[in-house]
Amino acid sequence: MRRRDLLTLLGSAAAAWAFAAGAQQPAVPVIGFLGARSVEPDERRRAFRQGLKDNGFVEGENVVIDYRFGGIQMERVPELLDELVRRRVAVIVATSGPIAVLAAKASTTIPIVFMVPEDPVRLGLVASLARPGGNMTGINFFLTELVAKRFGLLREMVPGAARMGVLVDPAETVIAETTLREVELAARTMGLQIQIHKASTSGEINEAFTAIAWDRPDALFVSSGPFFASRGVQLVNLSSRHAIPTIYATREVAEVGGLMSYGVKQTDSYRQVGVYTGRILKGEKPADLPVVQSTRIELVINLQTARLLGIDVPPALLSIADEVIE
């Protein structure tokens, strides 16, 4: 065989080997991230990506994140989940209880990492917290305990209060039922009257505040849930307009002018979800990853808003606040 023919043959073989090696390389995994809000706050996305990075995955380098947002329109979620299933994503991240329940129905084979404020066992997502079984695991918040504590903190902020308004989202059935049950119990214990108001849309929030302004409660308790978290600016504006001291479940609302917030430190939860997602991408199974119960709770007080409302924040509250916004 002539030298030129031998070189050509070797070159063709090398190209074929390179092609075969390339064909054997695993495709970059895709994470389907499904949020209930129109968009996740940047700090939460950063926390999620940090959890991934802790396990060797960097967005845009060796993993792709396909963000889908229901924009609080739950009727769109099954369609979005169907798109992720058809794309054959490696993992689905579900950022609320209702989304997690729908994700469980959408696939029993794709690993799913959830964040839920309800008991995931009662929701039928896992067999137990320690041994989830199946294709799901994630983070569980202490909703019941937080409701009673949040109500008590609002009473401490407004010690002379006799009547409390309570705003819930009836579309978040489990959260609304739990909130009302715990608030009613706390109110009886403290000898307070409560006035229940409901809203599931921006327009209904406006209507609820019209009724709240008419009732004139001494303070207002806003329930947790993705809808109220996404309407923080609207809630703050209305609370300020009617000069009603209000407590919220997420720090983002206190950061935009809400009087105070008490709830799970969401960035920690998002980082943990990123960690679990990364571990699953590395080969671990959701069935073997215990559900993590979130214990990082934070109290944030907006001192500037307190001054505008004419409230002297009790020193005892300031001493236990995780952050005071001047």
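The values are calculated or read from the model by the stated rules, or taken from the named source; none is laboratory data. Just so we're clear, the structure is a prediction, and the values are computed from it rather than from any experiment. Because the Cβ atoms are built from the backbone with ideal geometry, glycine has one as well, and the counts that use them run over all protein chains shown.
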- Residues satisfying the stated conditions in segment 210-233, i.e. surrounded by fewer than 16 Cβ atoms within 10 Å (Cβ to Cβ) and not in a loop (DSSP other than H, G, I, E, B): T210, A211, A213, W214, D215, V233
- Message: Quick check on this structure: which one of T201, T137, T189, T173 is among the hydroxyl-bearing types (S, T, Y) and in the same structural domain as I280 (by TED's automatic domain parsing)?
- Response: T137
- From the option list V275, V222, V253, single residue qualifying as in contact (Cβ under 8 Å) with a residue 60 or more places away in the chain and in contact with a helix residue (DSSP H, G or I) (Cβ under 8 Å, 6 or more places away or on another chain) is V275
- Query: Residues in segment 168-185 that are farther than 12 Å from F151 by Cα and touching a residue at least 12 places away in the same chain (Cβ under 8 Å): how many?
  - Reply: 9
- In segment 183-198, is there at least one residue being in a loop (DSSP other than H, G, I, E, B) and either among the small types (G, A, S) or touching a strand residue (DSSP E or B) at 6+ places or on another chain (Cβ under 9 Å) (or both)? yes
- Note on the structure: Going through segment 242-261 in order, the residues found to be assigned to a loop (DSSP other than H, G, I, E, B) and hydrophobic (A, V, I, L, M, F, W, C) are A243, I244, A249, V256, L259
- Name the residues in segment 60-104 that are over 24 Å from R271 (Cβ atoms) and acidic (D, E), would you? E75, E79, D82, E83
- Task: Name, by its number, the condition in (1) out of contact with any helix residue (DSSP H, G or I) (no Cβ under 7 Å at 6 or more places or on another chain); (2) at pLDDT 95 or above that does not hold for F142.
- Result: (2)
- Note on the structure: Within segment 281-312, the residues that are of a type in the set (A, V, I, L, M), more than 30 Å from H242 (Cβ to Cβ) and under 20 Å from the mean Cα position of the chain (by Cα) are L289, V291, V292
